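Worksheet: the structure to be examined is printed underneath.
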Amino acid sequence: MKRRIHNIACIGAGYVGGPTMAVIADRCPDISVTVIDLNEDRIAAWNSEALPVYEPGLDEVVRRTRGRNLRFITQREGAAAVAAADAVFISVNTPTKTQGSGAGKASDLSYVEACARYIAEHAKGHTIVIEKSTMPVRAADTIKRILATTPHGGTFDVLSNPEFLAEGTAIRDLEQPDRVLIGGETPAAVDALAEVYAHWVPDQAILRTGLWSAELSKLAANAFLAQRVSSINAISALCEVTGAQVEEVAKVLGTDTRIGPKFLKASVGYGGSCFKKDLLSLVYLCEFYGLTEPAAYWQSVQDLNEWQKRRFAQMAAAHARKHGGIVAVLGLAFKKNTNDFRESPAIDICNHLLAAGVRLRLQDERVDPAAFRATLADEAKTGFAFFTDIEDAARGAGAILILTEWDSYAGLDWVKIAAAAEPGVAIFDGRKVADQVSAKKAGLPVFVVGQGESVPS
Ligand code: UDX
Ligand code: ADP
C-alpha cells in the first residue's frame, strides 16, 4: 500500500532535530512539522528570537517556517501531535553510557527507549518511526519491541535515517546533502520517507539500504572521518621533528583522487558530540561480537586524539611556566561557527594546563562562559577567568593558544596583543590561522601543529 507523509512529529529539539525539521518544513510547505522536547526552556528558546542553537542561516529558515508549517511544543503538549503524525522522528541524545554493562563505551539508549514508549502510548493508526539519532546496530529491534506494547492497536514501521550534517554548516548540509540514507524493511515506508526528501534532494542522492546497514553506516562514516583526522595528526607530530610541513604533505595526499583533499587538516585533535561517542560505540560493538582486533584498531583512533591534545597542552604549559605561568586560550568551541563545545579539545587542554599549574585566561566569541566553566575539573576552577576582549585575555600571558579556527583570529593584530602579554610570550596555533606576518612583526614565535622547526624554546 502506498503511504504518504502529511504530518511529521520529531521528538528532540537539539542540534540535529531543530535544524533538520526546520529545513524539512521549509522545503515541504505541504507537510506539517511539530518538534517536541522535554526541555521547556529549549522549546521557549525555539519559539523566541534567540534560538538555542547557533547555525549560519538557521534564523532565516526558522523565521520563514515557524507558525506556518513548523511549531515547537513541549512534551506535555506532544501527545496529540504524535497521534496525528504519519511519521515520528526520534532525534534525542544517545550519550556514552556511564553505568551498567558497556559503561564508558556503549551508547545509552534510555532516551530513545523513553521516546519509543511515548510513541507506543500515543500513536494512532499506522506510524512510521524514524531513527534520526545515531544508534548502535540493531537498535531498531529494541524500538520495535517497545512499540509492540502499544495499547491502541496501532501499527508501525521502523526506519533508520541517520543525519550526516556537520555543525557550523548544518543548513547547507541539509539543503544540499551528499546523500540521504534510508534503511528499512518495508518498501512502502522507505518510499514514503524518500518522497519527503524528494521535495529537494535528487533521487540519485537518496540511498536505500537495509536497516542494519543504515545504522552501521552512520557509525562507520564518523569513524572513517575521525580516522582521517587522527592519521594526519599522527603525521603532524612526525613533521614537527623532521622539519616537514604537514600542510604540504596533506596537499600531496589530497591530490590523489583515491584519498581526496577533505578532513586532512592537522589540528589540536577532533572534538564534537559525535566522533568520540561513535568510535567508542563501534569499539563496544566489535568487542560485543568478539572482534578484538577491529576493536583495538578503532580504539587507537581515539587514543591518538587524546595524545594529540595532551602533547599540545604539555608543550604550551612548559613554555608558559618559563614565562610567568599564565596561558591565554583563544577558542573554546570544537570548531568555528558553532557555540557547541561538547567534547571540544579545549576542555581537555584546559584541564591538562590547569593540572600543570598554570592559570588560564579564556576567550571565545560564541561559547557561554558559565557552561564551559562547568565542564572543567572541580579543583581547577580557581585558575580560570573568561574575557570577551582578546587583548584582555592575553594580558600577562606567557603562551597564547589558538584552539578554534574562528575567522576573527586570522586578522589579529599581534603587535597590540604582544604588548599586553608577558615578555617571551609565544603563540601555539593549533589550527594554523594566526597571521604569520603580523606575528613576526610583533617578534612572537609561533608554533603551528605539524609545522617542522616551529617549536619555541
Ligand atoms: C561530524 C560529521 O562530519 C557529521 O557528518 C556527523 O553527522 C556528525 O559528526 P561535526 O562533529 O559537526 O560533524 O563536525 P566535523 O566538521 O566533522 O568536525 C569534527 C571535528 O574534527 C572538529 O573538532 C574539527 O575541528 C575536527 N577536524 C575536522 C580536524 O581537526 N581536521 C579536519 O581536517 C577536519
Ligand atoms: P543532538 O545533538 O543529537 O541533537 P541534543 O542533546 O542537542 O542532541 O538534543 C537532544 C534533545 O532531545 C534535548 O533537547 C533533550 O531535551 C531532548 N530529549 C531527550 N529525551 C527526550 C524525550 N524522552 N522526550 C522529548 N525530548 C527528549
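Read the figures in this text as sums done on the coordinates, not as results from a lab. Everything quoted here is computed from the prediction, not taken from an experiment. Cβ placement follows ideal geometry from the backbone for every residue including glycine, while neighbour counts extend to all protein chains displayed.
The figures follow:
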| item | result |
| --- | --- |
| Among the candidates 134, 142, residue that is in contact with a Cys (Cβ under 9 Å, 6 or more places away or on another chain) and either assigned to a helix (DSSP H, G or I) or buried (at least 23 other Cβ atoms within 10 Å of the Cβ) (or both) | 134 |
| Residues that are within 16 Å of residue 224 (Cβ to Cβ) and near ligand 1 (Cβ under 10 Å from one of its atoms), drawn from region 255-274 | 261, 262, 263, 264, 265, 270, 272, 274 |
| Qualifying residue in region 222-230 (condition: surrounded by 13 or more Cβ atoms within 10 Å (Cβ to Cβ), more than 8 Å from ligand 1 (Cβ to nearest atom) and within 17 Å of residue 312 (Cβ to Cβ)) | yes |
| Any helices (runs of 4 or more DSSP H) falling wholly within region 1-109 and containing at least 3 residues that are within 9 Å of ligand 2 (Cβ to nearest atom) and in contact with a strand residue (DSSP E or B) (Cβ under 9 Å, 6 or more places away or on another chain) | 17-27 |
| Qualifying residue in region 274-287 (condition: within 16 Å of ligand 2 (Cβ to nearest atom), surrounded by 18 or more Cβ atoms within 10 Å (Cβ to Cβ), outside any helix (DSSP H, G or I) and at negative phi) | yes |
| Tally of residues being under 19 Å from residue 116 (Cβ atoms) and of a type in the set (S, T, N, Q) across region 21-38 | 1 |
| Residue 240 away from ligand 1 (no atom under 11 Å from the Cβ), surrounded by fewer than 21 Cβ atoms within 10 Å (Cβ to Cβ) and among the acidic types (Asp, Glu) | no |
